[in-house]
1. Out of curiosity, is Leu97 outside any strand (DSSP E or B), in contact with a strand residue (DSSP E or B) (Cβ under 8 Å, 6 or more places away or on another chain), surrounded by 18 or more Cβ atoms within 10 Å (Cβ to Cβ) and at pLDDT 90 or above?
2. Please enumerate the residues belonging to the stretch 51-78 that are small (Gly, Ala, Ser), part of a loop (DSSP other than H, G, I, E, B) and closer than 30 Å to Glu100 by Cβ.
3. Restricting to the stretch 27-40, and then to whatever is farther than 15 Å from Leu123 by Cβ and not basic (Lys, Arg), can you tell me which residue is most open to solvent (accessible area, probe 1.4 Å)?
4. Is one or more of the residues making up the stretch 75-93 within 22 Å of the chain's Cα centre (by Cα), open to solvent by less than 100 Å² (accessible area, probe 1.4 Å) and farther than 20 Å from Met33 by Cβ?
5. Just to be sure I understand, how many residues within the stretch 118-142 are in a helix (DSSP H, G or I) and loosely packed, with under 11 Cβ neighbours inside 10 Å?
6. Exactly one condition in (1) open to solvent by 60 Å² or more (accessible area, probe 1.4 Å); (2) at pLDDT 90 or above is false for Ile49; which is it?
7. Of all the residues that make up the stretch 116-141, how many are within 13 Å of Lys10 (Cα to Cα) and touching a Ser or Thr at 6+ places or on another chain (Cβ under 6 Å)?
8. Of the numbered conditions (1) within 20 Å of the chain's Cα centre (by Cα); (2) more than 20 Å from Glu14 (Cβ to Cβ), Leu111 satisfies every one except a single condition; which is it?
Amino acid sequence: MVKKSDPNSKVIAENRRARFDYAIEEDLEAGIMLQGSEVKALRAAQANIAESYASVEGGELWLINCYIAPYGQADKFGHEERRRRKLLVSRRELSRLWNETRRGGMTLVPLRMYFNDRGIAKLKIGIAKGKKTVDKRDTQKQRDWARDKQRLLKQHS
């Protein structure tokens, strides 16, 4: 049976550069505390998470430097575009993230912002370690070789 795509679930913003710059160890889903005009702007897919990051500060998880465009119809009651937004995770996940970032030297990188099947805004966060230039070149070589290999196989068959 073919699964219907849910009109509520859709990708708002994706950080495609994150997989190139970081080695993603694992990822988790977090909720986002938003204002009304921010939700309206996200429904119109007006967000950017490319330069943003997540941080554990004061026993809470924060999304920092995420850009959500101002919503045109919310003139007086709009929102700040780059304000810090609180991320919602369980206490167990929060303590694990704190341990990973403080002791393990890992970074919390936003990978994708989306609406889930219930229409609630979520953020997929990757627990990552930064790649060095040599690792980035190696990743590029592997990607190029895989592309060339597929091209060769296609030509010979």
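The values are calculated or read from the model by the stated rules, or taken from the named source; none is laboratory data. Owing to the predicted nature of the structure, the values given are computational and were not obtained by experimental measurement. Neighbour counts are summed over all protein chains in view; Cβ atoms, including those assigned to glycine, are modelled from backbone coordinates with ideal geometry. For accessibility, only protein heavy atoms count, side chains too; no ligands or nucleic acids. Shrake-Rupley method; radii C 1.70, N 1.55, O 1.52, S 1.80 Å.
1. Details: outside any strand (DSSP E or B): yes; in contact with a strand residue (DSSP E or B) (Cβ under 8 Å, 6 or more places away or on another chain): yes; surrounded by 18 or more Cβ atoms within 10 Å (Cβ to Cβ): yes; at pLDDT 90 or above: yes.
It is true that Leu97 is outside any strand (DSSP E or B), in contact with a strand residue (DSSP E or B) (Cβ under 8 Å, 6 or more places away or on another chain), surrounded by 18 or more Cβ atoms within 10 Å (Cβ to Cβ) and at pLDDT 90 or above.
2. Keep residues of the stretch 51-78 that are small (Gly, Ala, Ser), which gives 52, 54-55, 58-59, 69, 72, 74, 78.
Then keep just the ones that are part of a loop (DSSP other than H, G, I, E, B); that gives 52, 58-59, 69, 72, 74, 78.
If the condition is that a residue be small (Gly, Ala, Ser), part of a loop (DSSP other than H, G, I, E, B) and closer than 30 Å to Glu100 by Cβ, then Ser52, Gly58, Gly59 are the ones that fit.
3. Restricting attention to the stretch 27-40, the residues satisfying the condition of being farther than 15 Å from Leu123 by Cβ are 35-37, 40.
Those left that are additionally not basic (Lys, Arg): 35-37.
Numbers: Gln35: 79, Gly36: 54, Ser37: 11 Å².
Among those residues, the one meeting the criterion is Gln35.
4. No.
5. Narrowing the stretch 118-142 to residues in a helix (DSSP H, G or I): 133-142.
If we keep only those that are loosely packed, with under 11 Cβ neighbours inside 10 Å as well, we get 133-134, 141-142.
So the answer is 4.
6. Only one criterion is unmet by Ile49, namely (1).
7. The qualifying residues number 2.
8. (2)
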